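Trainee: Below: one structure in structure tokens.
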Amino acid sequence: MPQPESDGCQEIAPIREWLVKQPHLPHDIDDILLKRFYASCNKSTERAKKTLDLFFTIRSSAPELFSRRDPMSPEIQRVFDITDMMPLPNKTKENYRVFLYRLNNPDYDLFNFIDGIKTFFMLADTRLTEETDIPSGEIPIFDTMNINLKFMSKINLPVLRKYMLYTQEALPIRLKQVHIINAPSYVQKMYAMCKPFIKPEVAEMIKFHEPDSDTLYTDVPKELLPKEYGGQAGTVDDIKQYWIKRIEAKREWFLKNDEKWAVNEELRPKECMDDRADQIKGLPGSFRSLAFD
């Protein structure tokens, strides 16, 4: 007689047991989030434990990105207005989720880098804590149509470093491809500024696509994209508004979660020290001081 399929709770039981014994970590974590860590770490319990620890450590060490997160605040609402960031409705045949990000307003005076990253992570948290369907991988698409070299002056280098460390080392996703579309001729100069923070295995995933090219469709089926990109997924604005409403509906969670997911470093056991967490500490300078040779 066939056995019923497991809901995954048995697989994450060792992670849950470990978590409640860690005095420095938050304990009120839903099963769906633990399942994401387990799946993103190739079902390695030990890797999931280390990644989970780093996840909370970075968040607690970056209050500029993970505190005072009110989706109704003028700062976050401005990000909603001038950027389009959204997971697309349908996945690839490999069960990969496609994500689109672009700046829709070229007026850089309206753009605040920290607010933009904070909003991006609010969207990520909405997905991590609410979606029970865990994709097998992620494919971000960055549309650089409205980006030029002046945009680099808006970037905060220490925050960029935290963003890169968190998304590559701590976020429970499996990155499969990275696409830069409408890439300008000077995109390699911009990429060179970010490359020191990019892991070699991630760098190998990045593909650049020139304006008006169809090379993206080799990896991402055209029909999965919004209508503005020739696809069948609906309009950019409709998809974006759907996600904005979901983030706004989660307002109480965001306002309370700053303390809920905090790490108490005074209680951290010595065996749980992680050198990677030291990477998020102060990094001087910004892109304003760098020359574009």
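The values are calculated or read from the model by the stated rules, or taken from the named source; none is laboratory data. These numbers come from a predicted model, not from an experiment. Note that we place each Cβ from the backbone using ideal geometry, even for glycine, and neighbour counts take in every protein chain shown.
Trainee: With part of a helix (DSSP H, G or I) and out of contact with any helix residue (DSSP H, G or I) (no Cβ under 9 Å at 6 or more places or on another chain) as the only criterion, which of D109, D115 stands out?
Mentor: Sole residue among the options that is part of a helix (DSSP H, G or I) and out of contact with any helix residue (DSSP H, G or I) (no Cβ under 9 Å at 6 or more places or on another chain): D109.
Trainee: So A13 passes all but one of these: (1) touching a residue at least 12 places away in the same chain (Cβ under 8 Å); (2) out of contact with any strand residue (DSSP E or B) (no Cβ under 9 Å at 6 or more places or on another chain); (3) among the aliphatic types (A, V, I, L, M). Which condition number does it fail?
Mentor: (1)
Trainee: Something else about it: Within segment 152-167, how many residues are out of contact with any Leu (no Cβ under 8 Å at 6 or more places or on another chain), in a helix (DSSP H, G or I) and farther than 27 Å from D30 by Cβ?
Mentor: Residues meeting the conditions: 3.
Trainee: Only one of R97, R68, R59 is outside any helix (DSSP H, G or I), modelled with pLDDT under 95 and not small (G, A, S). Can you tell me which?
Mentor: R68
Trainee: How about segment 30-50: which of its residues are of a type outside the set (D, E, K, R), over 12 Å from P14 (Cα atoms) and surrounded by 20 or more Cβ atoms within 10 Å (Cβ to Cβ)?
Mentor: F37, S40
Trainee: Still on this structure, please answer the following. Considering only residues that are part of a loop (DSSP other than H, G, I, E, B) and within 10 Å of the chain's Cα centre (by Cα), which ones fall in segment 118-150?
Mentor: Across segment 118-150, there are no qualifying residues.
Trainee: Can you tell me how many residues within segment 100-125 are crowded, with 19+ Cβ neighbours inside 10 Å and under 22 Å from D219 (Cβ atoms)?
Mentor: 2
Trainee: Of all helices (runs of 4 or more DSSP H) completely enclosed by segment 191-264, which ones contain at least 3 residues that are hydrophobic (A, V, I, L, M, F, W, C) and surrounded by 13 or more Cβ atoms within 10 Å (Cβ to Cβ)?
Mentor: Of the helices (runs of 4 or more DSSP H) lying wholly inside segment 191-264, those with at least 3 residues that are hydrophobic (A, V, I, L, M, F, W, C) and surrounded by 13 or more Cβ atoms within 10 Å (Cβ to Cβ) span 236-249, 251-260.
Trainee: Which of the numbered conditions does I15 fail, given that it passes all the others? Conditions: (1) hydrophobic (A, V, I, L, M, F, W, C); (2) at pLDDT 95 or above; (3) part of a loop (DSSP other than H, G, I, E, B).
Mentor: (3)
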